[in-house]
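Right, one structure below, let's go through it.
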Amino acid sequence: MLRTCPVGSVAVLASSLLFAILAPSASAGEVSRFRNFQLGSDVSTIVKQTGANPVDVKIVHRRPALVQLLEWRPQSLSSSTQPEPAQDIAFTFYNGELFRIFVNYDRYETEGLTSKDMVDSFSVKFGEALKPTSVAKQAAATYGDQEEYLARWEDSDYRFELIRSSFGPTYKLTGVLKRLEEPARLAALEAAKLDDKEAPQREADQKIKDEATERAKLEKARLVNKPKFKP
């Protein structure tokens, strides 16, 4: 059943979202972290902060650089009445360093909030917002969806961008460590090329492995069935 948000509760939602996105020790204009998650942190630090299992860290590709991904669904503390507006958060690591944070907000926890409400909330933490030069783009992965870049906060090392999707609508936040952004992009392109180049050999190896598995399975069945078979 879909949840609804009375118009009168918009102000409550706005204050709830504002409270939830701010780290207790954050100061205005700080764009190096989201909540307590510091861009540039190592994998073990983020795993510990989220309470995730290390095995949940997935390897996106190993070469030409190691890129890893941790997907996490934050939960409100049972003893707290404060809602958790973030539906899920993705942490991406380049050679062990956190270089990207992607936050997808729950559409019900932000229902009724305007783009200005959202920008104002984040500006308390990140400082004065800049209007992105690219205001809209077609979302490649979603049918007919439109994404609007509402605001940008950055310094020489870090950048955060607030995005509004027409579906829902929903809001997303991305944060990047600038010095690793381009190396990670180039590594992804090179990894795709290597995957394509190695695909035939990989398929051949998998075929050999599958045939060996099938032979072992048949031999095992033969050893069981041969002694007991009676014509």
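The values are calculated or read from the model by the stated rules, or taken from the named source; none is laboratory data. This structure is a prediction, so every number in the text was calculated from the model and none was measured. Please note: Cβ atoms are built from the backbone with ideal geometry, for glycine as well, and neighbour counts cover all protein chains shown. Quick note on the areas: whole protein, heavy atoms, side chains included, nothing else; ligands and nucleic acids left out. Shrake-Rupley method; radii C 1.70, N 1.55, O 1.52, S 1.80 Å.
Take the conditions (1) touching a residue at least 60 places away in the same chain (Cβ under 8 Å); (2) touching a helix residue (DSSP H, G or I) at 6+ places or on another chain (Cβ under 9 Å); (3) of a type outside the set (A, V, I, L, M); ARG202 misses just one of them, which is (1). Please work out if GLU111 is open to solvent by 40 Å² or more (accessible area, probe 1.4 Å), at pLDDT 95 or above and out of contact with any helix residue (DSSP H, G or I) (no Cβ under 6 Å at 6 or more places or on another chain). No; evaluated as a whole, the condition is false for this residue. Restricting to region 115-144, count the residues that are at pLDDT 75 or above and either outside any loop (DSSP other than H, G, I, E, B) or surrounded by 12 or more Cβ atoms within 10 Å (Cβ to Cβ) (or both). Counting residues in region 115-144 that are at pLDDT 75 or above and either outside any loop (DSSP other than H, G, I, E, B) or surrounded by 12 or more Cβ atoms within 10 Å (Cβ to Cβ) (or both) gives 15. Whenever a residue of region 175-192 is assigned to a helix (DSSP H, G or I), its partners that are of a type in the set (A, V, I, L, M, F, W, C), lying with C-beta atoms within less than 6 angstrom and at least six residues away or across chains, give the pairs LEU180/PHE99; ALA184/PHE99; ALA187/ALA65. Kindly check whether there is at least one residue in region 95-108 that is of a type outside the set (D, E, K, R), modelled with pLDDT under 85, out of contact with any strand residue (DSSP E or B) (no Cβ under 6 Å at 6 or more places or on another chain) and more than 19 Å from ASN53 (Cα to Cα). No; the residues of region 95-108 include none that is of a type outside the set (D, E, K, R), modelled with pLDDT under 85, out of contact with any strand residue (DSSP E or B) (no Cβ under 6 Å at 6 or more places or on another chain) and more than 19 Å from ASN53 (Cα to Cα).
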